[in-house]
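Undergrad: My questions all concern the structure below.
The values are calculated or read from the model by the stated rules, or taken from the named source; none is laboratory data. Fair warning: this is a prediction, and the values are worked out from it, not measured in the lab. Cβ placement follows ideal geometry from the backbone for every residue including glycine, while neighbour counts extend to all protein chains displayed.
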């Protein structure tokens, strides 16, 4: 989870797994940033294990912020050294993401899972999962959604990619579920929401920050969410919707908030379209931006509302 460094000590050294949990950047990516770009230079133990200082962790978080703003990994060091952190992306920064998108789109159109997987894994080796979701996966999903009527195999391609992502995300979340987590979140799609990929993508991004999940999936009645919360005793509830929720769901939301006793968060397009109603219910709108939502998540999870 992206939290403050425990027991502040400027002389402390942290192993790579701890740094990964604190920053949301997986160890493979941290090693790539070191070897290929010289962004972080950790200490080494006599056996070669990497140890990071608090200054290193602050630098990693700054890199994550730059990547979230659209800067390519190849431009990050220049931005850091030039002091132009707040500037917008260079004209060529989008090229790297276009290349990833082109590779994945080609794999989709050829129904070539190996090629699709190679491109996706290449991106994940250099960028945090929330950045990959925003800059690569979501644009691909939009492209497929817009083109399915124009292409002879458009529906098959969209289903192929959705199944690939569901399997990929599910396997990764299953692997992370074995880890111990300070906070677990009960995650479900709003009633009437049959597309769970957005929920799974966010859960995986948040899992990289140390959160655990109990996932109910698509089209879950809020009364069933309340029941699952009673049994699971999670630290928070996350509801997701890519389309506007029905009025019945909005009417039931205050009852869920009152009964849950933990923060109830709503993400996706539903949180943008009905922000006022969500706030009035006592729930927290996360919006549709994964990077921004991950910033907000640690501030509210774990807070009891009753």
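Undergrad: Here is a list: 134, 193. Which entry is closer than 25 Å to residue 231 by Cα and buried (at least 19 other Cβ atoms within 10 Å of the Cβ)?
TA: Checking each option against the conditions leaves just 193.
Undergrad: Shifting gears a bit: Count, please, the residues in region 278-306 that happen to be assigned to a helix (DSSP H, G or I), within 23 Å of residue 192 (Cα to Cα) and in contact with a strand residue (DSSP E or B) (Cβ under 9 Å, 6 or more places away or on another chain).
TA: Total satisfying the criteria: 5.
Undergrad: Quick one: count up the residues across region 258-271 that are farther than 16 Å from residue 187 by Cβ and touching a helix residue (DSSP H, G or I) at 6+ places or on another chain (Cβ under 6 Å).
TA: The qualifying residues number 1.
Undergrad: For residues in region 253-277 being out of contact with any strand residue (DSSP E or B) (no Cβ under 7 Å at 6 or more places or on another chain) and crowded, with 20+ Cβ neighbours inside 10 Å, which is farthest from residue 67 (Cα to Cα)?
TA: 253
Undergrad: Could you name every one of the helices (runs of 4 or more DSSP H) located completely within region 114-223 that has at least 1 residues being touching a strand residue (DSSP E or B) at 6+ places or on another chain (Cβ under 6 Å) and either within 28 Å of residue 76 (Cα to Cα) or touching a residue at least 24 places away in the same chain (Cβ under 8 Å) (or both)?
TA: Here the list reads 197-207.
Undergrad: Let me ask something else about it. Quick one: residue 89 ticks every box in (1) modelled with pLDDT under 90; (2) within 18 Å of the chain's Cα centre (by Cα) bar one, so which box is it?
TA: If we test residue 89 against (1) modelled with pLDDT under 90; (2) within 18 Å of the chain's Cα centre (by Cα), just (2) comes out false.
Undergrad: Still on this model: Of the conditions (1) modelled with pLDDT under 95; (2) within 27 Å of residue 21 (Cβ to Cβ), residue 245 satisfies every one except a single condition; which number is it?
TA: (2)
Undergrad: Among the numbered criteria (1) crowded, with 23+ Cβ neighbours inside 10 Å; (2) touching a helix residue (DSSP H, G or I) at 6+ places or on another chain (Cβ under 8 Å); (3) under 26 Å from residue 139 (Cα atoms), which single criterion is violated by residue 199?
TA: Status for residue 199: all satisfied but (2).
Undergrad: Looking only at region 111-143, which residues are at pLDDT 95 or above and within 16 Å of residue 154 (Cβ to Cβ)?
TA: 111
Undergrad: Consider residue 217 carefully, then state whether it is surrounded by fewer than 23 Cβ atoms within 10 Å (Cβ to Cβ) and within 29 Å of residue 26 (Cβ to Cβ).
TA: The answer is yes for residue 217.
Undergrad: Taking region 17-54 as the search range and keeping residues that are touching a strand residue (DSSP E or B) at 6+ places or on another chain (Cβ under 6 Å) and surrounded by 21 or more Cβ atoms within 10 Å (Cβ to Cβ), which one is farthest from residue 295 (Cα to Cα)?
TA: Ranking the qualifying residues of region 17-54, first place goes to 52.
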